[in-house]
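Notes follow once the structure below has been shown.
The values are calculated or read from the model by the stated rules, or taken from the named source; none is laboratory data. Model, not experiment: these values are computed from the prediction. Note that each Cβ is placed from the backbone with ideal geometry, even for glycine, and that neighbours are counted across all protein chains shown. Only protein heavy atoms, including side chains, enter the accessible area calculation; ligands, DNA and RNA are left aside. Shrake-Rupley method; radii C 1.70, N 1.55, O 1.52, S 1.80 Å.
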Amino acid sequence: MLKGKHIILGITGSIAAYKAAYLLRLLIKRGAEVQVVMTPSGKEFITPVTLSSLSGKPVVSEFFTANTGEWHSHVDLGLWADALLIAPATAATIGKMANGIADNMLVTTYLSCKAPVFVAPAMDLDMYAHASTQRNLDMLRSYGNHIIEPATGELASHLTGKGRMEEPEKIVEILDRFFETSKPLSGKKVLITAGPTYEKIDPVRFIGNYSSGKMGFALAEACAEAGAEVMLVAGPVSLKTNHSSIDRIDVESAEEMYRAVLSEYDRSDIAIMCAAVADYAPETVSDVKLKRTGEDRILRLRPNPDIAAELGRRKRPGQCLVGFALETNDEEMNARLKMEKKNLDFIVLNSLRDAGAGFQCDTNKVTVIGKQGEPMEIPCKPKIEVAADIVDIIGRYVSEDR
Ligand code: CTP
């Protein structure tokens, strides 16, 4: 979960600073990119050389690099960060943070940081228990900062008292859990249809379409990546799923897809209808292979259930339903009509006119139309990236109060 995350590790002047090297190594091992920022007294306890060789980045501790005069921008650092972790945090630094005393690079960075802040205090028991420290910690909590309570447990309190910095493994776990549960679709169940449907004529023939299922499968991966549990109902395609949070039901016909989707819909928070469902199926399916007769043959078709429209009818408050549309004329108007008719929250309009978009391709170009607001155009790019953009839009929508 820490993979690719940008973390500022703030190190202050505590004896626990030696543990920061191990903490840094653990963060790097989990795939995080770490920028170390030290207070001047932090450097008395651990050398920047150790930390910069572990992080692969020069340590920042002054506003300017001494010999080149290069300015370190705390604002840029604050924007770069996905999290600011101050470990160990001394009583002095906690006090400065609580009161906005920005007399060093770390506290200055803290003040301009938009990312979540984690503070792991480290001091002796008396300092920790002092009303002043406790009041400062309460102030940090009231600013929305996360205080990583010092290590407790019998052994710890017996040996050094409460006030000892939490163990690096635990700190990393706390950060990991934070990112896991702060994903845009954490705790959400998403139902997705993908691919074509095949409507049997006889044991060897069917009516189908050219849908590859790639867009629906990309959406399943993007939703899982965003923290959702995904149920993917897939028509006949030769694609695999990768993410462990994706369950899959394989179906062939629209009728089977309809049944599978209905059985899952009640427990879903979001349903994305990406399948190219055949609108019609042969009225009768022959048990035996139809023979060539030399005469005209009429295949009578009956309408298939409209899965998206049925979900629209059953939609509960809070459920979000997304459909796709492929139009050849008056695209936006037709898409909007479809959105209304099927009671969708969004409709994703596939562009048929653009090269590199649509069936079979690995890239797509779409416009996401919601009930409110302007249509959102997603330029032509790989389907997995288009899927991530669509999931972003859905994630923002479901987190709003509706
Ligand atoms: N859809 C569905 N079940 C169907 C047909 C369509 O769930 N039997 C869904 C598709 O997955 C898509 C949306 O409805 O999300 C729009 O599909 P489309 O085929 O463009 O719309 P239709 O209602 O079939 O309209 P038309 O073919 O007349 O344009």
Conditions (1) in a loop (DSSP other than H, G, I, E, B); (2) in the same structural domain as VAL366 (by TED's automatic domain parsing); number of the one not met by ALA260: (1)
Where ALA224 falls short, out of the listed (1) open to solvent by less than 30 Å² (accessible area, probe 1.4 Å); (2) modelled with pLDDT of 95 or more; (3) within 16 Å of the ligand (Cβ to nearest atom): (3)
Some residue of the range 237-251 being in contact (Cβ under 8 Å) with a residue 60 or more places away in the chain and within 16 Å of the ligand (Cβ to nearest atom): no
Some residue of the range 283-292 being within 8 Å of the ligand (Cβ to nearest atom), out of contact with any Lys or Arg (no Cβ under 8 Å at 6 or more places or on another chain), in the same structural domain as LEU219 (by TED's automatic domain parsing) and hydroxyl-bearing (Ser, Thr, Tyr): no
Residue match in the range 62-78 (condition: buried (at least 16 other Cβ atoms within 10 Å of the Cβ), in a loop (DSSP other than H, G, I, E, B), of a type in the set (A, V, I, L, M) and in contact (Cβ under 8 Å) with a residue 24 or more places away in the chain): no
Flag for SER268 being at pLDDT below 95, in a loop (DSSP other than H, G, I, E, B) and either within 15 Å of the ligand (Cβ to nearest atom) or open to solvent by less than 20 Å² (accessible area, probe 1.4 Å) (or both): no
Residue list for the range 312-335, filter: open to solvent by 70 Å² or more (accessible area, probe 1.4 Å) and more than 15 Å from MET273 (Cα to Cα): ARG316, PRO317, THR328, ASN329, ASP330, GLU332, MET333
Matching residues in the range 369-392 - criterion: being in contact with a Phe, Trp or Tyr (Cβ under 7 Å, 6 or more places away or on another chain) and either assigned to a loop (DSSP other than H, G, I, E, B) or more than 17 Å from SER351 (Cβ to Cβ) (or both): GLY370
Residue check for ALA308: within 10 Å of the ligand (Cβ to nearest atom) and assigned to a helix (DSSP H, G or I): yes
Filter pass, GLU255 being without any contact (Cβ under 8 Å) to a residue 60 or more places away in the chain and either open to solvent by less than 20 Å² (accessible area, probe 1.4 Å) or in the same structural domain as TYR198 (by TED's automatic domain parsing) (or both): yes
In the range 315-355, residue nearest to the ligand (Cβ to nearest atom) [restricted to those that are without any contact (Cβ under 8 Å) to a residue 12 or more places away in the chain and in a helix (DSSP H, G or I)]: ASN334
